[in-house]
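Remarks on the structure that follows.
No value in this document is a laboratory result; all are computed from the given coordinates. None of these values were measured; they are calculated from a predicted model. Note: ideal-geometry Cβ built from the backbone for every residue, glycine included; neighbour counts use all protein chains shown.
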Amino acid sequence: TMPFAPGEPWAPQDVTPAYDLEKAKALLKEAGVAPGSLKLTLLAYTERTELKDVAAVIQAQLQEIGIKVDVRVADYTAIEPDLLSGNFDMVLLSRGYATDVAEPIGFLNADYTCTGGYNISHYCSEETDKLIKSAYAVAEPAKRYAIYAEAAKRVYDEAVTVYLIHETAFDAYSDKVENFKPHPINYFIMTKDLAVK
């Protein structure tokens, strides 16, 4: 999927990846990759216990198209040097972008610009850099959101990273709360209009 969950205001619209086992096999054949000849290592880290199970599912799915996958699970500190240097085939990460700023600009800048501080994919595109950096100068939220959506679409189209799941958050409140408006990524929503009867 995309870097952004479908319900977020900056998520690109009408982009749904399709599972197509036969097309995957055909693409590998077209690329000259014989079944069983490609072997990759998938890294995961112990601090997120669910990643080991997710890695096993990915391993099985890639085996269906003839790709052998070795799974390496270790403490994050043990794999981080490989991540930062680009010395890996695939890695499972849990990545959130909720920060002090309730928009994804910091996440896009850190993960998808050439000089980004957490650019684990080592992706570098001058066009994407210019696009992301242009959002800083746009005051109108709808226009900024369109820039974020375009950047996410580029990341998706270029297969920079593959997002498997997005967190689903639920907001619960009483009918005594007035003017509550949920936010797609910010958990603590206090506005001047929020009131309790």
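Mind telling me which of A146, A135, A34 comes out most flexible in a GNM of the chain, alpha-carbon contacts under 10 Å? Between A146, A135, A34, it is A34 that shows the largest mean-square fluctuation.
Using the C-alpha atoms of the range 1-63, what convex hull volume per residue, in cubic angstrom, is computed? Show your work: numbers first, answer last.
Values: hull volume 8.4 nm³, N = 63.
Considering the Cα atoms of the range 1-63, their hull volume per residue is 134 Å³.
Of the residues Y148, Y19, Y163, which exhibits the maximal mean-square fluctuation in a Gaussian network model of the chain defined by a 10 Å Cα contact cut-off? Checking each option, the largest mean-square fluctuation is seen for Y19.
The residue among G86, I67, M2 whose Cα reaches farthest toward the positive pole of the charge dipole of the range 1-145, with charges on the beta-carbon of Lys, Arg, Asp and Glu, is I67. Running a GNM on the chain with Cα contacts under 10 Å, which residue among F107, F170, F88 ends up with the highest mean-square fluctuation? Sorting by GNM fluctuation, first place goes to F170.
Spacing of the modelled spin labels on H166 and E140, each 7 Å from Cα toward Cβ, amounts to 2.4 nm. Shape call for the range 79-177 from the C-alpha gyration tensor, a ≥ b ≥ c root eigenvalues: rounded (a/c under 1.5), prolate (a/b greater than b/c) or oblate? Oblate. Close lysine pairs were tallied over the range 40-197: pairs 8 or more places apart or on different chains with Cα atoms under 17 Å apart number 10.
Using the alpha carbons of the chain, what is the convex hull volume per residue in cubic angstrom, as a whole number? Could the numbers behind the result be given before it?
Values: hull volume 31.3 nm³, N = 197.
Each residue corresponds to 159 Å³ of Cα convex hull volume.
With the largest listed first and rounded to whole Å, the semi-axes of the equivalent ellipsoid of the range 34-122 from the Cα gyration tensor are 27, 15, 13. Here the Karplus relation 6.51 cos²θ - 1.76 cosθ + 1.60, evaluated at θ = phi - 60°, turns the backbone of the range 102-119 into coupling constants of 7, 9, x, 4, x, 4, 4, 5, 5, 9, 10, 10, 4, 9, x, x, 10, 7 Hz, with x for every Gly and Pro.
Taking a ≥ b ≥ c as the square roots of the eigenvalues of the alpha carbon gyration tensor, the range 131-170 is oblate, as a/c is not under 1.5 and a/b does not beat b/c.
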